[in-house]
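The values are calculated or read from the model by the stated rules, or taken from the named source; none is laboratory data. Since this is a predicted model, take the numbers as computed values, not measurements. Note: ideal-geometry Cβ built from the backbone for every residue, glycine included; neighbour counts use all protein chains shown.
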Amino acid sequence: MPRARKRVPNETISGYKPLFLPTPNEANEGKVCEFVPKEVDMMPGDWRDPGNPSPYELRTTIQTCKRVWQLNKDALSHPDCDIEATQYNIKVLEKLYIQLMDYLVE
C-alpha cells in the first residue's frame, strides 16, 4: 500500500522570496509597447515590397487610411477648413481604401 506524502510546512512557502522583483517606475507604467512613427502612419509608398504588402503592412495601411479619412471628415466642420481640398482628400482616401480592400480579396 502506498504511503502518503509528508505535508510541506507553511514556513518554507511563506519564507520564499523571488530573486528579482519587478519595480514599477514612471517610464514603463501603463506603456504596452512603443510604435515607430513609420508603423503608426503607413501608406503604400512605405511598403517594403511595392505592390505586395505583408498582412501587417496592409492592416496598418488600412488603419492609417481610415484614421486620416476620419480626420478629414472632422475637418469639414472647422471654420478655417479649405472645403474643396478636404473633399478631394476624402475622395482620394475612399479610392485608396477600395484598392486596399481588393488586396484582402486576392
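A few notes on this one:
- Meets criteria (farther than 18 Å from M43 by Cβ and out of contact with any Lys or Arg (no Cβ under 7 Å at 6 or more places or on another chain)) for E84: yes
- Residues that are part of a helix (DSSP H, G or I) and among the hydrophobic types (A, V, I, L, M, F, W, C) were ranked within the stretch 37-63; the one that is modelled with the lowest pLDDT is V40.
- Which numbered condition V32 misses (of (1) modelled with pLDDT under 60; (2) β-branched (V, I, T); (3) in a helix (DSSP H, G or I)): (3)
- Only one entry of D80, D74 meets the criterion of being modelled with pLDDT of 85 or more and outside any helix (DSSP H, G or I), and that entry is D80.
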